[in-house]
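The values are calculated or read from the model by the stated rules, or taken from the named source; none is laboratory data. None of the values given here were measured: they were computed from a predicted structure. Cβ sites come from the backbone with ideal geometry, for glycine too, and all protein chains shown count toward neighbours.
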Amino acid sequence: MLPDKYKKRSFLQFSCDIDTQLLKQEFESISSQEWESSYWGSIHCSIGMLLLRGGDQGNEFDFFSQQVFDKPILKSLPYIEELIGEDGPFGKAEYAFIFKLKPNGVTLKHQDSIERWFDMYRVHIPIITNPGANLIVNDKAQHLSLGSAWTFDNQADHGVVNGNEERVHLIFDVPFSEKMATQIDQAICRPGEEIADYNLRISQTNRAVPSYPGDEVIRTGIATMRSQGASAAQIAGFMNSKSIPSKVYPPVPWTAEMVDNFV
C-alpha cells in the first residue's frame, strides 16, 4: 500500500531532465516488425504496443506477470534502459512498454483495475506528441508535454484523445521508494481543465476495435484449423471474416504468408 502522503494524484509533472532527442532517436531505431496490436482494443483503440519489460507468455498477462523479463530489444535502447533502471531517476521499473496512438485516435474511459498495479506509479514520458494529445482523468484534461515525465492516478477513470499526429509514450510502472518519494516531493501538480468534447470522445464505445487475443490463442487456432485440413489462405480468410487483429501493427488483413510465418 502506498503511504498516505504519496497517494496517486493527477497530474504530477516531475522535474527530472529528459533527453527528448535521444528518446526519439531510439524510438526511430525500432523496426516496424517489433510492434504488435493491442490486447485491449475495446479500450486502447488504434494503439500499437511494444513490451520492453514484463512476462513472456505473449498475452495481456505479460503486463502484470509475477515473473518479469527484459525483452531483447531493450539492449538496443540504452537511454530507455537507463530511464527504467535501478540507477534511473525513479528506481527500477517493474514493467515497461511503449504505446503509440494513431492520429485522432482515442483510448476509451477505463480504470487500471489490476491489483498488481495498485502499489506502483504509472509514469509516462512523451517521445512524440502534439498539442491535441491529452490525457483525461476524472473529466480533467492535461497535455503531457515533451521533456518531462508525468504520473497520474491510473485507478481513476481515464482516457486519451489524440490530435492530428501520432502520439508515442514510454510508459512504466514503478514501486514506491525513497527515490520516487523525492521525485514526487519535487513535482508540480497540474490541475488540468474540463473539456466537454474530450469527455464525450472517450465515452464513445463505437470506436472500440477487436483486441489481439494473444500469441498462444492465435497459434492454437492456426494449428487447429490446419489439423482440420484448412489451407493458409482459408485460415487467413477466417481470421479476416472474424475481424481478428494480426500480431503486427498497424493492423492489416491476414494473408496466407502471414499465417505460414506466424511464430
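Being out of contact with any Gly (no Cβ under 8 Å at 6 or more places or on another chain) and in the same structural domain as S148 (by TED's automatic domain parsing): is that true of I195 here?
So I195 fits the description; yes.
Would you point out the residue of segment 147-177, among those that are part of a strand (DSSP E or B) and aromatic (F, W, Y), that is farthest from I195 (Cα to Cα)?
The selected residue is F172.
Return the pairs, sorted by first residue and then second, in which the second residue is surrounded by 10 or more Cβ atoms within 10 Å (Cβ to Cβ), the first residue lies in segment 178-207 and is modelled with pLDDT under 95, the beta carbons are less than 7 Å apart, and the residues are 6+ apart or on different chains.
Cβ pairs passing all conditions: T205/L108; R207/C45; R207/V106; R207/L108.
Please go through segment 107-146 and pick out each residue that is within 25 Å of F27 (Cα to Cα) and in a loop (DSSP other than H, G, I, E, B).
Residues satisfying the conditions are T129, N130, P131, G132, A133, H143, L144, S145, L146.
I need a count of the residues in segment 112-131 that are among the polar types (S, T, N, Q) and over 15 Å from G163 (Cβ atoms).
1
Could you tell me which of the residues Q25, Q33 is modelled with pLDDT of 95 or more, assigned to a helix (DSSP H, G or I) and either of a type in the set (D, E) or surrounded by fewer than 20 Cβ atoms within 10 Å (Cβ to Cβ) (or both)?
One residue alone meets the criteria, Q25.
What about L50, is it in contact with a helix residue (DSSP H, G or I) (Cβ under 7 Å, 6 or more places away or on another chain), modelled with pLDDT of 95 or more and more than 16 Å from F172 (Cβ to Cβ)?
no
If the requirement is being buried (at least 17 other Cβ atoms within 10 Å of the Cβ) and over 21 Å from G48 (Cβ atoms), which of these qualifies: V160, V123, V137?
Just a single option satisfies the conditions, and that option is V137.
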